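The next block holds one structure in the form of structure tokens; read it before the comments.
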């Protein structure tokens, strides 16, 4: 890493969510936002000018000239592998967007290559940094829910990923990661899926068993709408109480078993930071950069992306075979 006070960071990707990578990097005094790499020269030049950095259309040229301390990649969902492997082979620490990749072998290649080089390799599962999720995690860790008995995740909106299992791999990876983050390892999965709309298996329902003995459900869809109220809901039910999360950042509740009174958190009038979904990435990056600068492991390692992918493929195997599939 550079010996100067700032961490030199380059961004690969000039798309919609890449805007938030650029916004975060440009706004931090401890970051030297040195470059943006994109496929379209005019679009990349415009984005680089907006954030006062340099534009490239070739990764190798950027690496040779800029020599960044850290590279962040935000590319189309099915276009992650080649660029990620190129950064790893160049020996540069990196942050990638979800999903890690779409193929098991590709994921194994990336993780093995990064491990051989001892690289800092992070993935942006930013849902973990929403206040309701942090509060649910704290309540579970404090024993307020008692023994978890069941968990239910629902997340649906529009989408057309160009892959028969796009929703499962690129969107419900958040569900897999969140359920294991809060409830522990998933032991097995059984799946039902439909291609009723001709958009691949764009709606799916999974039955889950956790190693703890709890059970769970995951319902995901690209045949719904993100405009609907309550498009995301998570319920965690334990022997002593229940926690719920609404729309990831909107509301958290805890209710003790037998009590008709619930504790509720929702962002106050001036609390824009905790109300806006995209700012969960700001919180994750703050934690990530502290770890990177201290020489510590990423707060969310890329292996979490591989785990979510393995769970997705277990669900696919279950659907295709009609059997319960072990995920251990």
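Here, each number is a calculation from the coordinates, and none is a lab measurement. Note that the structure is a prediction, hence the values are computed from the model and not measured. Virtual Cβ from ideal backbone geometry, glycine too; neighbours counted across all protein chains shown.
Here segment 267-293 and segment 47-76 have alpha carbon centers that stand 23 Å from each other. The alpha-carbon atoms of segment 202-248 define a convex hull whose volume equals 79 cubic angstrom per residue.
Helix 303-321 versus the longest principal axis of the chain: what is the Cα-based angle in degrees, 0 to 90, to the nearest 10? Helix 303-321 sits roughly 50 degrees off the main axis of the chain. Would you mind pulling out the separation of the Cα centroids of segment 158-184 and segment 227-248, in Å? Using only Cα atoms to place each centre, the spacing works out to 17 Å.
Using C-alpha pairs under 8 Å with a sequence gap of at least 6, the mean separation divided by the residue count of the chain gives a relative contact order of 17 percent.
Calculated on the alpha-carbon coordinates, the convex hull of segment 188-296 measures out at 201 cubic angstrom per residue. Specify the angular offset, from 0 to 90 degrees and rounded to the nearest 10, of the alpha carbon long axis of helix 41-50 from the longest principal axis of the alpha carbons in the chain. In the chain, helix 41-50 runs at an angle near 80 degrees to the longest axis. Once the Cα atoms are used to define both axes, helix 173-183 deviates from the longest principal axis of the chain by about 60 degrees. Seen from every direction in turn and averaged, the convex hull around the alpha carbons of segment 19-135 projects onto 8.3 nm². Normalised by residue count, segment 235-308 yields a Cα convex hull volume of 143 Å³ per residue.
Quick one: 265, 17, fewest Cβ neighbours within 10 Å first, how do they rank?
17, 265
For the chain, the 222 nm mean residue ellipticity estimated from helices alone, with every DSSP H stretch of n ≥ 4 adding -39500 (n - 2.57) and the total spread over all residues, rounds to -10000 deg cm²/dmol. Taking a ≥ b ≥ c as the square roots of the eigenvalues of the Cα gyration tensor, an a/c ratio of 1.5 or more together with a/b no larger than b/c marks segment 268-328 as oblate. Would you mind classifying segment 93-165 by shape? Square roots of the alpha carbon gyration tensor eigenvalues, ordered a ≥ b ≥ c; an a/c under 1.5 is rounded, otherwise it is prolate if a/b is larger than b/c and oblate if not. Verdict is oblate for segment 93-165. Computing FRET efficiency as 1/(1 + (r/R0)^6) for residue 291 and residue 50, where r is the C-beta to C-beta distance and R0 is 30 Å, gives about 0.60. For the chain, the equivalent ellipsoid derived from the Cα gyration tensor has semi-axes of 34, 23, 19 Å, listed largest first.
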